[in-house]
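Student: Could you have a look at this structure, given as structure tokens, before my questions?
The values are calculated or read from the model by the stated rules, or taken from the named source; none is laboratory data. From a predicted model like this one, the values you see are computed outputs, not experimental measurements. Quick reminder, even Gly has a Cβ in these numbers, built from the backbone with ideal geometry, and neighbours come from all protein chains shown. Heads up: the accessible areas ignore ligands, DNA and RNA and are worked out on the full protein's heavy atoms, side chains in. Shrake-Rupley method; radii C 1.70, N 1.55, O 1.52, S 1.80 Å.
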Amino acid sequence: MATDSWALAVDEQEAAAQSIGGLNINETEENSKAQENGTNKTEENGDKADDDDREDRAAQSLLNKLIRNNLVNNTNQVEVLQRDPNSPLYSVKSFEELRLKPQLLQGVYAMGFNRPSKIQENALPMMLAEPPQNLIAQSQSGTGKTAAFVLAMLSHVDPTHSWPQCLCVSPTYELALQTGKVIEQMGKFYPEVKLAYAIRGNKLEKGMKIQEQIVIGTPGTVLDWCLKLRFIDPKKIKVFVLDEADVMIATQGHQDQSIRIQRMLPKDCQMLLFSATFEDSVWKFAERIVPDPNVIKLKREEETLDTIKQYYVLCNNKEEKFMALCNIYGAITIAQAMIFCHTRKTAGWLAGELSREGHQVALLSGEMAVEQRAAVIDRFRDGKEKVLVTTNVCARGIDVEQVSVVINFDLPVDKDGNPDNETYLHRIGRTGRFGKRGLAINMVDSRFSMNVLNRIQDHFNKKIEKLDTDDLDEIEKIAN
Ligand SMILES: Nc1ncnc2c1ncn2[C@@H]1O[C@H](COP(=O)(O)OP(=O)(O)OP(=O)(O)O)[C@@H](O)[C@H]1O
């Protein structure tokens, strides 16, 4: 996340410069030096960086949800740690085996799910078991966690009772809405089950009691509804879900609020916690929320540079980098390319220059709302634009199969100006699914960036070849 938040910080810095300097972006000397060195003023302000990180995680997670329309491929084995290692381990290969209510099975199939995802194979039997079992599950975004706990909640409610029985907390209003949508879709043929949103702005009359069986919301509002306003009787909750635990703990106060909610629930309430990543801090939090847990983990698919041809081009400034890019485009056919810039300003400039050259260009930029970003990514994935110019902020999690060329117009560095190897790998590396050959071209424009390139090369122990973009024959060769 380091680079994302750094790029975001730069974007915000530029936005500030823009608002101070009218519509012209006035790059101060200090600013441009900072960019050159890969350092940034805002890093002095630790709080600000933390804020960025928080926003960044929630925004990234929302973006992932908006652009994802099927499961991510993952060939790793699921690790299961049972609370009682002697009890049999159930896993299912079909939804029928779960003996779901027919209305729910219909909902699952109507969503186009044919069989359980890897994580669902193990998680669903555990979550649907009698007596209910607690679960901590970790796997990357897009592996089917949300669908799994939504199915568990819908299976456990008794629609003849008009009070909340399942409670789900999400880190932000927008993420809660997204999960709500999945509940509505999956419960489409089960209209007796109703859903309420405990989110800011949803004001209810004093003394009211919620009648909906499922409540989804953010921790602050859920806590108020349970404790202060008593719209919900926490003692009647049968299933408690805490989603996106890693994003949750990044937000000040959410951790405590979640723990306070959990304390109000009955001892036999089923506790479920989900997270895309599992740092120590997440694990400590998870253990406080979920007593006696079963644990399911699915490691991320490893990315590799093995099938990627990597090159670098020596230039003196951004204009030369642009010329080099034009030469490459003139020499080889590029179906779709993603071009990464360090700042929003460079990205905007480059997108403009490329459009002038007649390219169909999409621009992803930090000031765009997450929904706008998702729309740009969708258009690009549909092939409506052939070039996507972006800063780092927006680019995580975008898997575009047809992207054959990735260009680092600026090399990825962290906030201290050190090579950001993880981001480099993430930009150009391929997982099993996208195992096709790829081409990565790095633009080097200073001694500083040459040093970054060399360190990246050493880190991955993979040669990055020099490319002379004035030599058309040489460029043609790299396409073969
Ligand atoms: N068993 C399944 N078969 C096919 N598609 C599925 C299945 N389960 C989930 N999906 C789809 O895969 C995508 C990712 O699923 P889901 O949102 O549940 O994953 P997640 O791990 O919660 O990720 P995120 O946190 O990004 O939402 C969604 O588009 C969902 O509709």
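Student: Out of all the residues in the range 290-307, which are hydrophobic (A, V, I, L, M, F, W, C) and within 21 Å of Gln120 (Cα to Cα)?
Tutor: Val290, Val295, Ile296, Leu298
Student: A further question on this structure: Before we move on, is His426 under 21 Å from Phe380 (Cα atoms), open to solvent by 40 Å² or more (accessible area, probe 1.4 Å) and outside any strand (DSSP E or B)?
Tutor: yes
Student: A follow-up question, please. Answer yes if at least one residue in the range 242-249 is open to solvent by 20 Å² or more (accessible area, probe 1.4 Å) and touching a Cys at 6+ places or on another chain (Cβ under 8 Å), and no otherwise.
Tutor: Looking for residues that are open to solvent by 20 Å² or more (accessible area, probe 1.4 Å) and touching a Cys at 6+ places or on another chain (Cβ under 8 Å), one finds none in the range 242-249, hence no.
Student: How do the pairs read when you match residues in the range 222-246 that are within 18 Å of Met153 (Cβ to Cβ) and in a loop (DSSP other than H, G, I, E, B) with residues anywhere that are polar (S, T, N, Q) and modelled with pLDDT of 95 or more, using Cβ under 6 Å and keeping only pairs 6 or more apart or on different chains?
Tutor: Within 6 Å, the pairs are Lys238/Gln165; Asp243/Ser170.
Student: Filter the range 372-382 down to the residues that are touching a residue at least 12 places away in the same chain (Cβ under 8 Å), over 21 Å from Lys345 (Cα atoms) and either part of a loop (DSSP other than H, G, I, E, B) or under 16 Å from the mean Cα position of the chain (by Cα) (or both) and list them by number.
Tutor: Asp378
Student: Turning to a different aspect of this structure: Taking the residues in the range 130-143 that are at pLDDT 95 or above and within 12 Å of the ligand (Cβ to nearest atom) as candidates, determine which candidate is surrounded by the most Cβ atoms within 10 Å (Cβ to Cβ).
Tutor: Filtering first and then ranking leaves Ala137.
Student: Count, please, the residues in the range 182-209 that happen to be modelled with pLDDT under 95 and open to solvent by 20 Å² or more (accessible area, probe 1.4 Å).
Tutor: Adding up the residues that qualify gives 10.
Student: Looking at Glu319, Glu244, Glu302 in this structure, which one is within 27 Å of the chain's Cα centre (by Cα) and over 25 Å from Leu151 (Cβ atoms)?
Tutor: Glu302
Student: Out of Ala152, Ala196, I need the residue that is more than 14 Å from the ligand (Cβ to nearest atom) and more than 22 Å from the chain's Cα centre (by Cα). Which one?
Tutor: The unique qualifying residue is Ala196.
Student: For the range 436-453, how many residues are more than 24 Å from Glu319 (Cβ to Cβ) and open to solvent by 10 Å² or more (accessible area, probe 1.4 Å)?
Tutor: Residues meeting the conditions: 2.
Student: Let me ask something else. Report, by residue number, each residue of the range 78-94 that is within 29 Å of the chain's Cα centre (by Cα) and without any contact (Cβ under 8 Å) to a residue 24 or more places away in the chain.
Tutor: Ser94, the sole residue that qualifies.
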